[in-house]
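The values are calculated or read from the model by the stated rules, or taken from the named source; none is laboratory data. None of the values given here were measured: they were computed from a predicted structure. As a convention, Cβ positions derive from the backbone with ideal geometry for all residues, glycine included, and neighbour counts pool all protein chains shown.
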Amino acid sequence: MSLDDEKKTLLQIIRKRALFHQPVRLSSGKESSYYVDGKQVTLSSEGSYLIARQIFEIVKKESVDAIGGPTIGADPIVGAVLFLSYLENFPLKGFIVRKEPKKHGMQRYIEGPALKEGSRVAIIDDVVTTGESVLRAARAAEEAGGKVVKVIAIVDRLEGARERLESCGFKFTSLFTKHDLNLSQRL
């Protein structure tokens, strides 16, 4: 199956398994009439593979050294992309950014292998709304010595994330936007 065909299949899976038409409060505090539960896709074997294929192609073109993002949305994506990167003989390092440093143990804010000074980094997440969590993760990665060259989301809700990230100097891309989800069609 081609990369384009895999992307179409991924979109169908998101529409079928991860899109819920119901009122919810988002992590941004905003109210929404729909919810995209990325974990319904990222924690499935097929979805995990398809997402990893799409993201791996993006990070390979950017010559990325490491990928990471805010816990918990990025956790399964990081694992899937790392696995695929090993199979493709383009091994990447991975990391997860906590909401706050641990209060015990090593008291880390970023978990995973230490970023080398100047490492080319991609920040990933499942769904973005305002971009706050990926922006926090990008800043943490840069404070740890990385250079964020790309921020990638599976779905952009088109509620300001792109504008916010780009105004802070980060290149942003998403695999899909809310327009791709056909929100007018009930599941």
- Item | Condition broken by residue 69, with the remaining ones in (1) among the small types (Gly, Ala, Ser); (2) in contact (Cβ under 8 Å) with a residue 60 or more places away in the chain; (3) part of a helix (DSSP H, G or I) satisfied | (3)
- Task: Return yes or no: is residue 68 surrounded by 15 or more Cβ atoms within 10 Å (Cβ to Cβ) and out of contact with any Pro (no Cβ under 9 Å at 6 or more places or on another chain)?
- Result: yes
- Message: I'd like to verify a number: residues in region 74-93 that are among the hydroxyl-bearing types (Ser, Thr, Tyr) and part of a strand (DSSP E or B), how many?
- Response: 0
- Task: Could you tell me whether residue 39 is touching a Pro at 6+ places or on another chain (Cβ under 6 Å), surrounded by 14 or more Cβ atoms within 10 Å (Cβ to Cβ) and modelled with pLDDT of 95 or more?
- Result: no
- Item | Out of 124, 96, sole residue that is β-branched (Val, Ile, Thr), at pLDDT 95 or above, closer than 24 Å to residue 19 by Cβ and not in a loop (DSSP other than H, G, I, E, B) | 124
- Task: Among the residues of region 13-34, write down those that are of a type outside the set (S, T, N, Q), outside any helix (DSSP H, G or I) and buried (at least 16 other Cβ atoms within 10 Å of the Cβ).
- Result: 19
- Note on the structure: Of the candidates 55, 51, the one satisfying the condition of being at pLDDT 95 or above, within 22 Å of residue 110 (Cα to Cα), under 14 Å from the mean Cα position of the chain (by Cα) and crowded, with 17+ Cβ neighbours inside 10 Å is 55
